[in-house]
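Asks: Could you have a look at this structure, given as structure tokens, before my questions?
Please treat every number below as a calculation from the coordinates, not as lab data. These numbers were taken from a predicted model, which means no experiment stands behind them. Ideal geometry is used to build each Cβ from the backbone, glycine not excepted, and the neighbour counts take in all protein chains shown.
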Amino acid sequence: MHIPDAFIPMGQALIYWVIALVFIALALRWARRSMGEEKIPLVAVLAAGIFAIQALNIPIPWGTSGHMVGAALAAIVLGSPFAGVFVLTLVLLVQGVIFGDGGITVMGANIVNMGVVGGFVGYYGYAAVKGVIGNAYAAAFIAGWASLFISAILCAVELAIAGTFPLELGLTFMGTYHAVIGLIEGGITAVALYLIASARPDILEHPMGVSA
Amino acid sequence: METKQFIIIGIAIALVIAVAAPFLASGDPDGLESAFFSIYEAKPFMGSELDEDAAGAAEEQAIAATGNDFSYEALMPDYSIPGMDKPGEVFAVVIGTLLMLALVFVVAKASARPDN
């Protein structure tokens, strides 16, 4: 879902950069207040793992593929939507600058879609679903799916404003493909959460339940 | 599990994925690219045949529509090293993974809450 430079006019891309920078500043404030020094290696390993798994495109029907984004996982494990913003901003920076994956002028839009929306929908979706059904892994699956799907819907709206996609077709196509790709996001989010919780239950910011 | 062990296993898992990804990853367009190609009639919405010429023309049309012709030559475009095929791809993803580890460690250390 990495938007390339050509898809959004420069002026609009700048606006998304401003929105992204506001959330990056808030993520840095979260880190200063709530990310203890003992969490540093975990954050670094999570980011490295998310980068690696983003390179693993999994085929879905219709000659299409999709990959994990990982903001929901980072937000759930580290106990804050801003953790998703923090990790995804750095992942998208390296992907764009070193690997040409995702544009430079539109990086703000990619940070908003995948980091901000992914982190917030992932974190609050997980908290809400877990509160209702009680199962952390089912909640992680649903939150992961929703984070990916809603990112794609917002992306379609941005590209409609940009004049690149007609709104209705963009929503239909982006929604259909990402409803399936969301299953990858949800599945890996749930499995990774299970592995981390099994190895180190203490490391989760809210092991028994997320207090929002 | 001790923290050190946990972190080492985490790094090992990331590196295994990084090495395997170039061999296992699907080369099909992702969801956004597929939507883009479908809208610009280079690929059927629910079909897999990509018309390469139409795909190239679609990119020109997008630039014309948005006026954003910014272009940037990345060091390792599309997780590859030009002319190095699979070994280059493995190298690119492994280097990226290690770079992430180092960069996020440094940024997290600089921005974390001091313990004292």
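Asks: For Cα pairs less than 8 Å apart in space and 6+ apart in sequence, what is the mean separation divided by the residue count of chain B, i.e. the relative contact order in percent?
Replies: Details: 59 pairs, mean separation 30.5, N = 116.
Computed over chain B, the figure is 26 percent.
Asks: Name the most mobile residue of A:A190, A:A83, A:A48, meaning the one with the largest mean-square fluctuation, in a Gaussian network model of chain A with Cα contacts below 10 Å.
Replies: Taking springs between Cα atoms under 10 Å, the residue moving most is A:A48.
Asks: Normalised by the number of residues in segment A:5-203, what is the relative contact order in percent for Cα pairs under 8 Å and 6+ residues apart?
Replies: Values: 303 pairs, mean separation 48.1, N = 199.
Result for segment A:5-203 is 24 percent.
Asks: Now for a separate question. Using the beta-carbon distance between B:K109 and B:M46 and R0 = 56 Å, what value does 1/(1 + (r/R0)^6) give for FRET efficiency, to the nearest 0.05? Walk me through the numbers on the way to the answer.
Replies: Working: r = 48 Å, r/R0 = 0.85.
Step by step, r from the Cβ atoms, then E = 0.70.
Asks: Students often forget the sequence filter, so: which aspartates and glutamates lie under 19 Å Cα-Cα from B:K43 once same-chain residues fewer than 8 apart are removed?
Replies: In chain and number order, the partners are A:E168, B:D28, B:D30, B:E33, B:D51, B:E52, B:D53, B:E59, B:E60.
Asks: In whole Å, how far is the Cα centre of segment A:1-73 from that of segment A:78-153?
Replies: What the calculation gives is 7 Å, centre to centre.
Asks: Nearest 10 degrees, 0 to 90: what angle lies between the long axis of helix B:52-66 and the longest principal axis of chain B (Cα atoms)?
Replies: In chain B, helix B:52-66 runs at an angle near 80 degrees to the longest axis.
Asks: Same structure, new question: Can you show me the helix-derived [θ] at 222 nm for the protein assembly as shown, built from DSSP H runs with n ≥ 4 at -39,500 (n - 2.57) apiece and divided by the number of residues, rounded to the nearest 500. Don't skip to the end; give the middle numbers.
Replies: Values: 12 runs with 220 residues, N = 328.
One gets -23000 deg cm²/dmol as the mean residue ellipticity at 222 nm.
Asks: Hey, could you grab the Kirkwood Rh for segment B:3-111? Inverse mean 1/r over distinct alpha carbon pairs, Å, one decimal.
Replies: Values: mean 1/r = 0.0589 Å⁻¹.
Across segment B:3-111, the inverse of the average 1/r is 17.0 Å.
Asks: Evaluate the distance, in nm, between pseudo-label points positioned 7 Å from the Cα of B:S26 and of B:T3 along their respective Cα→Cβ axes.
Replies: 4.0 nm
Asks: For B:K4, go through the lysines and keep the ones whose alpha-carbon is under 21 Å away, minus same-chain ones fewer than eight residues off.
Replies: A:K39, B:K109
Asks: Another question about this same structure. Along the charge dipole of chain B, which of B:G10, B:A35, B:A112 sits closest to the positive end, that is, farthest toward it, with unit charges on the beta carbon of Lys, Arg, Asp and Glu (+1, +1, -1, -1)?
Replies: About the Cα centre, the residue reaching furthest to the positive side is B:A112.
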